[in-house]
Amino acid sequence: MDPSSAVGDLGAAVNDPQLQHFIEVETQKQRFQQLVHQMTELCWEKCMDKPGPKLDSRAETCFVNCVERFIDTSQFILNRLEQTQKSKSPFSENLSD
């Protein structure tokens, strides 16, 4: 196989909108999986004293609160990042003028 044709095939694949969409979707899935893993690990460490056949009401309440705080915090961070990006956009456009 000619190396230059392999590079050409790669360039065509990168410009394929279906492939780009697939990669975006898979990346989002991966990020979501990472968040779920982080949340599970954090809340398990905070709320689970000793594993047993059943959750007691204290542990159940702790898990609910932990998950809600994790989601709230994640949402807050995303909103803050969006605000930061929006406030930087006009500034960076003015620099390029």
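The values are calculated or read from the model by the stated rules, or taken from the named source; none is laboratory data. The structure displayed is predicted, hence computed values, not measured ones. Note: ideal-geometry Cβ built from the backbone for every residue, glycine included; neighbour counts use all protein chains shown. These accessible areas exclude ligands, DNA and RNA; they are computed on the full protein's heavy atoms, side chains included. Shrake-Rupley method; radii C 1.70, N 1.55, O 1.52, S 1.80 Å.
Conditions tested, residue by residue: (1) open to solvent by less than 80 Å² (accessible area, probe 1.4 Å); (2) within 13 Å of the chain's Cα centre (by Cα).
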{"residue": "GLN28", "(1), (2)": "no, yes"}
{"residue": "LEU55", "(1), (2)": "no, no"}
{"residue": "ALA59", "(1), (2)": "yes, no"}
{"residue": "ILE71", "(1), (2)": "no, yes"}
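Specify which of the listed residues (GLU41, GLU24) is within 30 Å of ASN65 (Cα to Cα), open to solvent by 100 Å² or more (accessible area, probe 1.4 Å) and modelled with pLDDT of 65 or more.
Of the residues listed, the single one that is within 30 Å of ASN65 (Cα to Cα), open to solvent by 100 Å² or more (accessible area, probe 1.4 Å) and modelled with pLDDT of 65 or more is GLU41.
Identify the single condition in (1) open to solvent by less than 70 Å² (accessible area, probe 1.4 Å); (2) at pLDDT below 85; (3) among the aliphatic types (A, V, I, L, M) that VAL14 does not satisfy, given that it satisfies every other one.
Of (1) open to solvent by less than 70 Å² (accessible area, probe 1.4 Å); (2) at pLDDT below 85; (3) among the aliphatic types (A, V, I, L, M), only one is false for VAL14: (1).
Would it be correct to say that PHE32 is free of Cβ contacts under 8 Å to residues at least 12 places away in the same chain and either open to solvent by 80 Å² or more (accessible area, probe 1.4 Å) or out of contact with any Pro (no Cβ under 7 Å at 6 or more places or on another chain) (or both)?
yes
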